[in-house]
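Quick note: the coordinates plus some simple rules give every number you see, no bench work behind them. Here the structure is a predicted model, which is why all the values come from computation and not from measurement.
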Amino acid sequence: MPGCGEEKGELKTLTLVVKGMSCGHCKMAVEKSVGGGKGVKRVEVDLEKGLVKVTYDPERASLTDIQSAVVDAGYEVQKSGENPTA
């Protein structure tokens, strides 16, 4: 049925440099906060490098939404970069 769960547009991938993540709890908190946002399809946290990689639908989520979710989880976004996925 058209419109039922269909993906519209191209997904994008955003990589955030996040300060303050150091343990499994940090990883889970960021994944839960960011992953719960509308349009977010995947969240990958790399504690060692302090990176959060987010795949999302730009028609449903914005950079500001994703950054706010990280801040809401208690962490600081230092830098971000956005690239369309292949």
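Debye calculation, C-alpha points only, no solvent: report log10 I(q)/I(0) for region 22-75 at q = 0.18, 0.20 Å⁻¹, in the same order as the q values.
Result of the Debye calculation: -0.50, -0.62.
On a full-extension model of 0.36 nm per residue, what is the gain between Thr55 and Gln78, subtracting their alpha-carbon distance, rounded to one decimal in nm?
Working: separation 23, 0.36 × 23 = 8.28 nm, distance 1.86 nm.
Gain in length upon complete extension: 6.4 nm.
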